[in-house]
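Peer 1: I have a structure I would like to understand better, so I am pasting it below and will then ask my questions one at a time.
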Amino acid sequence: MRSDEIKRGVERAPHRSLLKALGVTDRDMDKPFIAVVNSFTSVVPGHIHLNRIAEAVREGVRSASGVPFEFNTIAVCDGIAQGHEGMRYSLPSREVIADSIEIMVQAHRFDGMVLVTNCDKVTPGMLMAAVRLDVPSIVVTGGPMLSGIMDGEKVGIATVYEAVGEVAAGKMSEEELKRLEDVACPGCGSCNGMFTANTMACLSEAMGISLPGCATTPAVSALKIGIARESGERIVELINENLKPSEVISAKALENAIMVDMALGGSTNTVLHISAIANEAGVPLSLTTFDKLGRRIPHLCNMCPSGPYDLEDLNRAGGIRALMKELSCVLHLDAITVTGKTVKENIEGAVILDRKVIRSVNDPVHKEGGIAILQGNLAFKGSVVKTAAVSPKMLTFRGSARVFNSEEEAMKAILNRNIREGDVVVIRYEGPKGGPGMREMLSPTATIVGMGLSESVALVTDGRFSGATRGPCIGHVSPEAAEGGPIAALRNGDTIEINIPKRILNVELSEQELENRLRSWKPRPLNVRRGYLARYSSVVRSAETGGILEKP
């Protein structure tokens with residue numbers, strides 16, 4: 001065992017002495033040492049209950065004759081960080097999370113890890129650490145929040161963001177908005193729809209790194225505590241079996257995750273995260289893989305924010321196991337999972353309990369998957385759109401560019417009602433380097449929806465979108481403006497062509513005109529000059545790589 005390096009031999013007497021200061025006994029020295037990596041914090045609704053889940057994990061580890069040691073990572077709430085400078089830190093936090101876990105596990109020579117997580121950048125950061133360290137690992141996601149109820153209708157955080165636009169358009173009073181904000185988020189858990197946190201939880205289960213049922217079991221359910229305890233027991237068995245993340249998060253597992261993502265119509269952020277996880281795992285994965293699978297896999301689950309169903313509905317319908325059963329004709333069924341069984345064995349007894357929530361492959365919501373990769377002279381390295389959230393009327397669109405150099409500039413114009421039907425709102429210098437930090441654009445997109453413009457206005461950015469975003473919103477435009485990408489050459493009035501079925505994102509300019517404009521382009525100074533974001537900007541790579549950091 002790795003932990004023998006700190007507990008065996010005469011020369012390790014000082015180490016044993018320090019361990020005994022923690023309450024470790026001589027008998028414990030013969031047991032595996034397990035890291036319980038807990039992202040609990042009292043500022044994130046998705047994480048405020050994780051101490052109880054971590055406690056159940058520790059109970060499971062002890063019952064299986066392991067010794068649990070708990071430490072914490074950071075967690076950013078994307079909802080609270082949204083729409084201001086704080087959002088610059090969200091995506092970069094993913095790298096800090098992965099690095100901090102590496103530091104703790106390597107320094108203390110743990111034999112295995114249980115990763116207790118829930119929200120947007122925390123889950124992928126933990127998965128990156130798991131494949132990087134390649135010690136036996138299992139992920140326990142904290143579960144989704146229940147939906148709020150207002151006037152008999154389900155509501156959630158996306159409803160509140162869109163309501164801001166309704167107030168700006170005079171469609172809702174501030175009193176009604178106050179009533180909505182009071183009930184939209186009724187308790188702990190990751191926000192109720194198929195946003196980034198829940199998408200990543202579902203993909204963790206699809207990859208086989210979480211136990212079956214973990215992703216969709218609500219945060220408030222007693223079953224979640226049972227899954228946490230079982231995960232604590234299972235990690236000891238994984239160590240005895242020497243089953244490592246490199247065997248679980250394989251090329252087949254990553255493709256399974258992408259196929260499930262397409263069927264769910266998940267967040268566009270998963271393109272960043274799955275790419276980054278694949279990079280850590282040493283598995284080649286290009287944007288073309290997402291598009292190839294997206295054309296093959298139908299969209300089966302009409303989930304919030306674009307559809308009526310929340311995670312509680314998906315769980316009630318059978319969860320990820322049932323969805324994978326429906327996709328069994330295309331999945332890699334021989335992929336191994338942390339149960340020690342294959343995907344085929346895990347989903348064998350799964351039953352779809354509600355065909356309205358999990359549709360048949362012969363009766364899909366859409367014939368193609370929920371995410372598409374667009375390319376063209378405006379994004380020759382790629383861009384991403386959540387097709388599941390786009391109205392059929394907006395699958396093809398030509399509009400006039402309204403160019404802004406920051407989210408704040410764009411938001412001011414939207415709230416002042418300076419955006420008109422037929423506009424393409426372009427928000428640039430918000431990429432990984434240029435932001436820095438690749439901010440989400442939920443505030444502008446939700447406000448556009450709330451103002452009733454989602455079927456007449458498009459948005460294009462080198463930043464990214466929240467999983468709660470809907471409408472014709474194209475993000476991750478690469479190369480980004482800060483690298484001198486074509487988006488940096490756009491001017492007000494340029495005609496932009498969006499054709500999602502043909503996967504095209506173009507500006508109607510000649511090659512010569514684009515070259516001339518870019519030749520006179522000059523880099524903009526960074527918004528930050530010191531601290532973590534300045535360091536991050538100097539080493540982060542572009543969005544089509546997953547926003548990973550340059551390797552030394």
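Peer 1: Keeping all protein chains in position, work out how much accessible area THR288 exposes to a 1.4 Å probe, and write it in Å² to the nearest 10.
Peer 2: 90 Å²
Peer 1: Evaluate the distance, in nm, between pseudo-label points positioned 7 Å from the Cα of ASN362 and of GLU174 along their respective Cα→Cβ axes.
Peer 2: 5.6 nm
Peer 1: When the accessible area of segment 196-247 is split by element with a 1.4 Å probe, what percent falls to carbon and sulfur?
Peer 2: 50 percent
Peer 1: How much mean residue ellipticity at 222 nm does the chain get from its helices, if each DSSP H run of length 4 or more adds -39500 (n - 2.57) and you divide by all residues, to the nearest 500 deg cm²/dmol?
Peer 2: Rounded to the nearest 500, the figure is -11000 deg cm²/dmol.
Peer 1: Further, regarding this structure: Starting from the Cα-Cα distance between ARG524 and ASN405, subtract it from 0.36 nm times their residue separation and give me the gain in nm to one decimal.
Peer 2: 41.8 nm
Peer 1: Given H placed 1.01 Å from N in the peptide plane, which residues other than close sequence neighbours of GLY189 have an amide H under 5 Å from its amide H?
Peer 2: Excluding prolines and chain starts, which carry no amide H, the hits are GLY46, HIS47, ILE48, HIS49.
Peer 1: Taking LYS252 as the anchor, which aspartates and glutamates have their alpha carbon closer than 15 Å to its alpha carbon, excluding any fewer than eight residues away along the same chain?
Peer 2: Cα-Cα hits under 15 Å: GLU205, ASP261, ASP334.
Peer 1: Now a separate question. As a test of reading the structure, rank SER100, SER538, SER137 by solvent-accessible area (1.4 Å probe, protein chains only), most first.
Peer 2: SER538, SER100, SER137
Peer 1: Could you give the accessible area per residue of segment 31-78, probe 1.4 Å, as a whole number in Å²?
Peer 2: On a per-residue basis, 34 Å².
Peer 1: Before I look further, what does segment 386-543 give for accessible area per residue, probe 1.4 Å, in whole square angstrom?
Peer 2: Solvent-accessible surface per residue comes out at 38 Å².
Peer 1: Largest first, what is the accessible-area ranking of HIS15, HIS476 with a 1.4 Å probe?
Peer 2: HIS15, HIS476
Peer 1: Give me the accessible area per residue for segment 320-370, probe 1.4 Å, as a whole number in Å².
Peer 2: Per residue, segment 320-370 has 51 Å² of solvent-accessible surface.
Peer 1: Leaving out ligands, DNA and RNA, what percent of the accessible area of segment 3-85 is carbon and sulfur, probe 1.4 Å?
Peer 2: 55 percent
Peer 1: Among the GluC sites (Glu not before Pro) in segment 329-436, which ones are in a DSSP loop with at most 16 other Cβ atoms within 10 Å of the Cβ? Mind listing them?
Peer 2: Within segment 329-436, the qualifying GluC sites (Glu not before Pro) (loop, at most 16 other Cβ atoms within 10 Å) are GLU348, GLU421.
Peer 1: Round to a whole angstrom and tell me the spacing of the C-alpha centers of segment 82-133 and segment 238-260.
Peer 2: Between the Cα centre of segment 82-133 and that of segment 238-260, the gap is 18 Å.
Peer 1: Additional query: Here are some values of Rg and Dmax of the Cα atoms in Å: (1) 28.0, 94; (2) 22.4, 72; (3) 23.2, 77. Which one was computed from this structure?
Peer 2: After the calculation, the listed value that fits is (3).
Peer 1: Ranking request for peptides 349-358, 114-123: highest mean number of other beta-carbon atoms within 10 Å first, then the rest in descending order.
Peer 2: Highest-to-lowest ranking by the protection proxy: 114-123, 349-358.
Peer 1: Would you work out what percent of the accessible area of segment 462-509, with all protein chains in place, is carbon or sulfur (probe 1.4 Å)?
Peer 2: Whole-percent figure for carbon plus sulfur exposure: 39.
Peer 1: Using θ = phi - 60° and the Karplus relation 6.51 cos²θ - 1.76 cosθ + 1.60, list the HN-Hα couplings for segment 286-301 in order, rounded to whole Hz, with x at every Gly or Pro.
Peer 2: 9, 4, 5, 5, 4, 6, 4, 6, x, 6, 8, 9, x, 7, 10, 10
Peer 1: Ignoring ligands, DNA and RNA, how do SER210, SER306 rank by accessible area with a 1.4 Å probe, largest first?
Peer 2: Correct descending sequence by accessible area is SER306, SER210.
Peer 1: Among the lysines, which have Cα under 17 Å from the Cα of LYS356 when same-chain residues fewer than 8 positions away are ignored?
Peer 2: LYS154, LYS325, LYS367
Peer 1: Hey, another quick one. List the GluC sites (Glu not before Pro) within segment 497-532 that DSSP assigns to loop and that have no more than 16 neighbouring Cβ atoms inside 10 Å.
Peer 2: Those satisfying the criteria are GLU508.
Peer 1: Further question: Could you tell me what a quarter of the Cα convex hull surface of segment 208-351 works out to, in nm² with one decimal place?
Peer 2: Mean projected area for segment 208-351: 8.9 nm², to one decimal.
Peer 1: Here is a further query. If you plug each phi of segment 350-366 into the Karplus form 6.51 cos²θ - 1.76 cosθ + 1.60 with θ = phi - 60°, what whole-Hz ³J(HN,Hα) values come out, in order, with x for Gly and Pro?
Peer 2: Per-residue couplings from phi come out as 5, 9, 7, 9, 8, 6, 6, 8, 10, 7, 6, 4, 8, 9, x, 5, 9 Hz.
The values are calculated or read from the model by the stated rules, or taken from the named source; none is laboratory data. Bear in mind that the values here come from a model prediction, so they are computed numbers and not experimental data. As a convention, Cβ positions derive from the backbone with ideal geometry for all residues, glycine included, and neighbour counts pool all protein chains shown. Accessible surface is based on the protein model in full, side chains and every heavy atom, while ligands, DNA and RNA are left aside. Shrake-Rupley method; radii C 1.70, N 1.55, O 1.52, S 1.80 Å.
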